[in-house]
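Colleague: Here's a structure for you.
The values are calculated or read from the model by the stated rules, or taken from the named source; none is laboratory data. Treat the numbers as computed from the prediction; the structure is a model and nothing was measured. Here the Cβ positions follow ideal geometry from the backbone for every residue, glycine too, while neighbour counts run over all protein chains shown.
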Amino acid sequence: MKITIFTSNQPRHIRLINKLSEISDEVFAIQECNTVFPGITKDFFNNSEVMEKYFSNVKKAEKEVFGDLKFLNKNVRSLSLKLGDLNKVNMENLQLALQSDIYIIFGSSFIKEPLVDFLIDKKAINIHMGVSPYYRGSSCNFWAAYDNNPELIGATIHMLGKGLDSGDMLYHALPKPEKISPFLLGMKAVEVAQNSLVDRIYSKEIFGYKPIKQDKTKEIRYTKNIDFNDIVAREYLNNLLNEDEIYNKLINRDRSLLLNPYIN
């Protein structure tokens, strides 16, 4: 089995690439790269004192769950691009990666035609870090925590569509209830999403789900990159949910809001 993944270059992205390589003969990883020092080096996010403080918490949680940066496994063939360059690459240059059995998107930039048409035809699967249709767009789990909704910190595994996070849903993956910081909860959500997808690809269970259309009338927030700025980051850091508040929200999570929930 061959798998192609469109993803990024942080430890959490590298971990998924390597997990997929453990269940496949060959993995093609197209990585759109940005700085591994967000908040310090200006790149996708601004560099400022508050961003440095915010992302120091993010990176600490990521390291605890996914470890440090590491090399890819031997059966992975990678192509590194700058974030946002994917849609400028000629399809012919991607041909080796476009002959796989399974296609996965996790943390790539917004994919446009003609590549998105090819991937939709191949029934590509997207990991959206956010619980759709409630939270869509950018930094969704941040906004769920910001809105005092940690019970909606999780992931949506759905079919790739032409709209942002708009494809038909397969299931939701969320972290189990425990006393935990909001930063660690967000990384646990990534881990649960990855583990569930790899397990369900290996067992072929993923192919048995009936895709369900999203009900956009249930949307709480649709956010863009520009919405996450120093002001909201500072407000968030000054009003962090404590571990008891998070646990109480998670233990009372309304499962009727979720599709085929995978909670671990």
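Colleague: Restricting to the stretch 217-239, name every residue that is assigned to a loop (DSSP other than H, G, I, E, B) and of a type in the set (D, E, K, R).
Modeller: If the condition is that a residue be assigned to a loop (DSSP other than H, G, I, E, B) and of a type in the set (D, E, K, R), then GLU219, LYS224 are the ones that fit.
Colleague: May I pose another question? It is to be established whether one or more residues within the stretch 130-149 are touching a Ser or Thr at 6+ places or on another chain (Cβ under 8 Å) and closer than 25 Å to LYS2 by Cβ.
Modeller: no
Colleague: Are there any pairs, at least 6 apart or on different chains, whose C-beta atoms fall under 6 Å, with the first in the stretch 227-251 and surrounded by fewer than 17 Cβ atoms within 10 Å (Cβ to Cβ) and the second modelled with pLDDT under 95 and not in a helix (DSSP H, G or I), and if so, which?
Modeller: Listed pairs, sorted by first residue: ASP230/SER48.
Colleague: A follow-up question, please. Return the residues of the stretch 164-180 that are within 19 Å of VAL192 (Cα to Cα) and modelled with pLDDT of 95 or more; say none if nothing qualifies.
Modeller: Within the stretch 164-180, MET169, LEU170, TYR171, HIS172, ALA173, LEU174, PRO175, LYS176, PRO177, GLU178, LYS179, ILE180 qualify.
Colleague: Report whether or not GLN10 is buried (at least 19 other Cβ atoms within 10 Å of the Cβ), polar (S, T, N, Q) and under 15 Å from GLU191 (Cβ atoms).
Modeller: When the stated conditions are applied, GLN10 passes them.
Colleague: Please determine whether any residue of the stretch 74-88 is assigned to a strand (DSSP E or B), of a type outside the set (Asp, Glu) and more than 16 Å from GLN31 (Cα to Cα).
Modeller: Taking every residue of the stretch 74-88 in turn, none turns out to be assigned to a strand (DSSP E or B), of a type outside the set (Asp, Glu) and more than 16 Å from GLN31 (Cα to Cα).
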